[in-house]
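One structure below.
Just so it is clear, none of the values below were taken in a lab; they were calculated from the coordinates. Predicted model, so just to flag it, every value in this text is computed and none were measured. Cβ sites come from the backbone with ideal geometry, for glycine too, and all protein chains shown count toward neighbours.
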Amino acid sequence: MQEVNTGVNAVEVRTMGDVSLSVPAKPDFLQVVRAVVSGVGARRGLSYDAINELCLAASEAAAYLLGLTPAEGAARGGRLSVRLRAKDDIDVTVMTNAPVPMWPPPAQRTLAWRILAGLVDQVSFVLEEGCPAIRLVLAGPARESVTES
Amino acid sequence: MTDTEQRDLNRERTRELFEQLPTDPSARDRLVELHLPLVEYLARRFRGRGEPLEDLIQVASLGLLKAIDRFDSDRGVEFSTYATPTIVGELKRYFRDKGWAIRVPRRLQEVGLQLAEVVPALAQELGRSPTLQEIGDSLGFSEEDVLEAMNAAQVYSLKSLDAPTGTDDSSLSISQLGAEDEALELFESWASVAPLLKKLPPREREILYLRFVANETQSKIAEKLGISQMHVSRLLAKTLASLRESVGSFDA
C-alpha cells in the first residue's frame with residue numbers, strides 16, 4: 001500500500017468534469033483507475049450499471065495498454081495516464097508513455113476493441129501527445145438510455 | 001459400543017466436565033479433547049475453498065473454545081447443539097474476512113452485501129438501473145458510502161466466484177450451472193475469439209453473449225441468471241481478464 005501512496009503522484013482535478021490521473025504502469029494500480037472513474041461517473045449521475053460498465057471499459061483499456069508494455073518499462077518509471085472529461089458526453093482517454101510497437105493496431109480486429117465497443121459508444125485507438133492511447137466515449141443521450149433502460 | 005451409546009456417554013462426560021469447570025480449570029482441556037472430532041468434522045465441511053484443512057481446524061478450535069466459555073449448562077440444551085453454530089460461525093467469519101484481497105472495513109463489507117440485495121430490487125421497482133443516490137436513500141447511507149462499497153466490492157477475491165453459491169454443501173458453483181444454448185453460436189461466430197470462447201465454462205460464455213451480443217444490461221443478466229448484479233460484474237471482469245491472459249497481447 002506504500003506504493004499506492006507514493007505511486008499515484010498526480011491526480012489533478014481541474015473541475016469535477018475534468019480530471020487527470022497518472023499511476024505507475026503496473027496492474028496493481030488498475031483499482032485506482034477504477035476508483036477515479038467511478039467517482040466521476042457517480043458525480044455525473046450515472047446509474048449503478050453505467051458506472052460499472054464505464055469502470056470495466058476503463059480498466060480493460062488500461063489492462064490492454066499494460067499488456068503491450070514490457071514489465072521492465074514499469075520498473076523504469078513507465079506511467080499510465082487517464083484523463084476524464086465529462087460534459088454532455090463522458091470522454092475517458094487512457095494512455096501510456098511506454099513505447100508500444102505497431103501502434104495503433106488494426107483496432108477492429110482486436111478482441112479489446114470488440115469488448116470496449118460493447119461497453120461504450122465510441123472507441124478509438126489513437127496517438128495522444130505522441131503516446132499510445134485508447135479513447136472511450138459514453139455519449140450523453142446513450143447514457144440517458146442506459147440510465148432509463 | 002454402538003454410536004448411540006458412545007454419544008450418550010460423551011454427553012454424560014460433557015455434563016460432568018462442565019460441572020467441574022468452575023473449580024477445575026483442567027476440565028476445559030478435557031472438554032476440548034472430547035469435542036475435537038466435532039471440530040474436525042465441521043472444519044472438513046469447509047474444505048476445498050482454498051484454505052488448508054489445518055488452518056480450518058485451528059479456526060474451528062477457536063470457535064469451540066468460545067463455545068465452552070459461553071455455554072450455560074443450566075439452559076438445558078446439549079453442548080454439541082450449542083457449540084455447532086458457534087464453530088460454524090467462526091469458520092464463516094474466517095472466510096468472510098479472508099475473502100477480501102485487501103482489508104476492507106467491516107462497515108463497507110456490510111454495505112456491499114446489502115447492495116447485492118437492494119440493487120436488483122430497486123431495478124425491478126424503477127424499471128431501470130438505480131442511481132447511487134437512490135441506492136443510498138433506500139439503505140440509509142450516503143451516495144459516498146455506496147460508491148466506496150462499490151469500489152470495495154471490486155477488491156473481493158475473484159476466487160469467491162467459483163465458491164458454492166449457497167450456505168450448504170449441496171449448492172452448485174457457478175461454473176456447474178447453465179447449459180449449452182444455441183444462441184451462443186452467434187457469439188462464437190466471432191472467428192478471432194472462437195477458440196478461446198469454447199474453452200470458457202458455459203455460464204461465463206452465456207454472460208459474455210448476453211452482454212456483448214444480446215446487449216443486455218448487467219442487471220437484466222443478473223435477473224435472468226438468478227445471481228446478483230455484483231456477481232455478473234465480477235464474473236465479466238474475471239472472464240475478460242482470463243481471455244486477455246489467453247490471448248496474450250489481446251490481438252487474436
message: Skipping prolines and chain starts, which residues have an amide H placed within reach, meaning under 5 Å, of the one on B:Thr131, given they are 5 or more residues away or on another chain?
response: A:Tyr48
- prompt: How much length, in nm to one decimal, is gained on full extension between B:Arg13 and B:Asp55, taken as 0.36 nm per residue of separation minus their Cα-Cα distance?
  reply: 12.3 nm
task: Determine the shielding of peptide B:224-231 by partner chains: average, over its residues, the number of Cβ atoms on other chains within 10 angstrom of each Cβ.
output: 1
task: Evaluate peptide B:134-146: per residue, the Cβ atoms of other protein chains within 10 Å of its Cβ; return the mean as an integer.
output: 1
- request: Please arrange B:Arg211, A:Arg44 by counting, for each residue, the other beta carbons lying within 10 Å of its beta carbon, fewest first.
  value: A:Arg44, B:Arg211
statement: The alpha-carbon center of region B:1-54 and that of region A:31-57 are separated, in whole Å, by 50
task: Could you go through region B:137-145 in sequence order and give the Karplus-derived ³J(HN,Hα) for each residue, using 6.51 cos²θ - 1.76 cosθ + 1.60 with θ = phi - 60°, rounded to whole Hz, and x for Gly and Pro?
output: 4, 5, 9, x, 10, 7, 4, 4, 4
message: Whole-Hz ³J(HN,Hα) for each residue in region A:78-83, computed from phi via Karplus 6.51 cos²θ - 1.76 cosθ + 1.60 with θ = phi - 60°, x for glycine and proline: what do you get?
response: x, 10, 10, 10, 10, 10
query: Which trypsin sites (Lys or Arg not before Pro) from region B:103-141 combine a DSSP loop assignment with at most 11 other Cβ atoms within 10 Å?
result: B:Arg103
- request: Treat the count of other C-beta atoms within 10 Å as a stand-in for reagent exposure and order A:Trp113, A:Trp103 from fewest to most.
  value: A:Trp103, A:Trp113
- request: Return B:Tyr209, B:Tyr82, B:Tyr41, A:Tyr64 ranked ascending by Cβ neighbour count within 10 Å, so the fewest neighbours appear first.
  value: B:Tyr41, B:Tyr82, B:Tyr209, A:Tyr64
field: Inter-probe distance in nm under a simple model that places probes 7 Å from Cα toward Cβ, at B:Ser73 and B:Leu34
entry: 0.8
Stretch gain in nm, segment B:Gln6-B:Thr23, where the contour uses 0.36 nm per residue and the Cα spacing is subtracted: 3.5 nm
